[in-house]
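Reading through the structure tokens given below for one structure.
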Amino acid sequence: MSISVTPGEKSKPDDPAAAPVVRSRPSRAKRRQALKGWLFVGPLVLGIIAFQLVPLGISVVASLTTWDGVTTPRFVGFDNYVHLFRSDPQFWITLRNTAVFTVCVIPLTVVSALLLAVLCNGKGRFSNAFFRTAFFTPYVTSIVAIGLIWNQFFTPSGVLNKALDTVGVSGPSWLTDVDWALPAVILVSAWHAIGYPMVILIAGLQAIPESLYEAARIDGAGPARRFLRITIPLLTPQLFYVLITQIIASFQVFALIFVMTKGGPGTATSVYIYYLYQKAFTFGELGSASAMAWILFALIGLVTFAQMRLQKRWVFYND
């Protein structure tokens, strides 16, 4: 069979890339496999939509209304936000208390967790499973039970004041004293939260190559120098993660306040989330409470963003 070629045109071999792409329909087996996958993740997706995305959308709308949860909402725009910043002194008090709580509890928790992690990771008596479990147990214990037990410790005739009496110190009425109520809650919160960052830091310590410590010993570096020059720099990724998670948790402290002090005495321990709870379920101001929730979301987002930007200056990744 002859092939005719027009003048000035060269015969070209077939080019597969120039051929039209024919998209085949998925086979029945692949469609069945995809259907099985959606059946598995479907309940989770529906749960996320029903219990997270929909409530988020409702809270956005509610923050722009005056609503008590029963009557018809009345749209007020950004009045709830303006009122919180301009005309609600309790809002600023709770924000200040939350900031003081965070600034105090974060160093106490992180430093204590680091020291316990070093103790539990070594070859001493604290490194066995019993002590690791003992230090981690408060974190998985009911926060309500912890609050009730510590309430007994902090009573004027409790164990803590009796221990102080033995050394000649008259202990205060911890939870009813304006000056001591918040420090008492900070102490309990740090004690309760220490287990989780301890486990994270132990994992980070175990990932540090032992050869680095051996080289440092050969060079004459002592334990303190090895800790400051090897352990801390190589542990900064885990410290960064612990710092972010603990700051977010401290901004959301509620259960201990509710069980131990209920925001008292006066407003000494009234933190942000507890005031939000009062707004919603005590005062019936769901619109204002929703606005507070979104303000907290923005505040946590800004703090987290700042930490993410600053991590380049002090976090070292061992690639």
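The values are calculated or read from the model by the stated rules, or taken from the named source; none is laboratory data. Since we're looking at a predicted model, the values are computed, not measured. Reconstructed Cβ throughout: ideal geometry from the backbone, glycine too, with neighbour counts over all protein chains shown. Only protein heavy atoms, including side chains, enter the accessible area calculation; ligands, DNA and RNA are left aside. Shrake-Rupley method; radii C 1.70, N 1.55, O 1.52, S 1.80 Å.
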**Message:** With the cut-off at 1.5 for a/c, could you classify region 80-314 from its C-alpha gyration tensor as rounded, prolate or oblate?
**Reply:** oblate
**Message:** Using +1 at the C-beta of Lys and Arg and -1 at the C-beta of Asp and Glu, which of 171, 85, 126 has the Cα lying farthest in the positive direction of the dipole of the chain?
**Reply:** 126
**Prompt:** Once the whole set of protein chains is in place, how much accessible area is left on residue 179, using a 1.4 Å probe, in Å² to the nearest 10?
**Reply:** 120
**Asked** For residue 65, which sequence-distant residues (separation of 5 or more, or a different chain) have an amide H within less than 5 Å of its own amide H, given hydrogens modelled in the peptide plane?
**Response** 76
**Estimated dipole of the chain in Debye, rounded to 20 [Cβ of Lys and Arg +1, of Asp and Glu -1, Cα centre]** = 1120
**Stretch gain in nm, segment residue 210-residue 318, where the contour uses 0.36 nm per residue and the Cα spacing is subtracted** = 37.5 nm
**Message:** Please give the Cα centre distance for region 41-109 versus region 231-287, rounded to the nearest Å.
**Reply:** 13
**Item:** Value at 222 nm in deg cm²/dmol, rounded to 500, when DSSP H runs of n ≥ 4 in the chain each add -39,500 (n - 2.57)
**Value:** -20000 deg cm²/dmol
**Asked** Quick one: length gained pulling residue 137 to residue 61 fully straight, 0.36 nm per residue minus the C-alpha distance?
**Response** 23.3 nm
**Request:** Leaving ligands, DNA and RNA out of it, work out the accessible area of residue 83 with a 1.4 Å probe and give it in Å² to the nearest 10.
**Result:** 80
**Most mobile listed residue (262, 123, 30) in the chain, GNM with C-alpha springs under 10 Å** = 30
**Request:** Could you tell me which helices of the chain pass both thresholds, a Cα extent of 27 Å or more along their own axis and a mean Kyte-Doolittle hydropathy of at least -1.0, with helices taken as whole DSSP H runs?
**Result:** 28-48, 89-121, 232-251, 286-314
**Prompt:** Toward the positive end of the charge dipole of the chain, about the Cα centre and with charges on Cβ (Lys, Arg +1; Asp, Glu -1), which of 291, 114, 71 goes farthest?
**Reply:** 114
**Item:** Accessible area expressed per residue, the chain, with surrounding protein chains retained (probe 1.4 Å, Å²)
**Value:** 64
**Message:** Projecting each Cα onto the charge dipole of region 80-314 (Lys/Arg +1, Asp/Glu -1 at the beta carbon, about the Cα centre), which of 201, 100, 272 comes out farthest on the positive side?
**Reply:** 201
**Asked** Counting only the heavy atoms of the protein chains, how much of residue 81 is accessible to a 1.4 Å probe, in Å² to the nearest 10?
**Response** 50
**Message:** From Cα pairs below 8 angstrom and at least 6 apart in sequence, can you work out the relative contact order of the chain, rounded to a whole percent?
**Reply:** 26
**Item:** Cα centre as origin, Lys/Arg/Asp/Glu Cβ charges: region 65-164 dipole, Debye
**Value:** 520
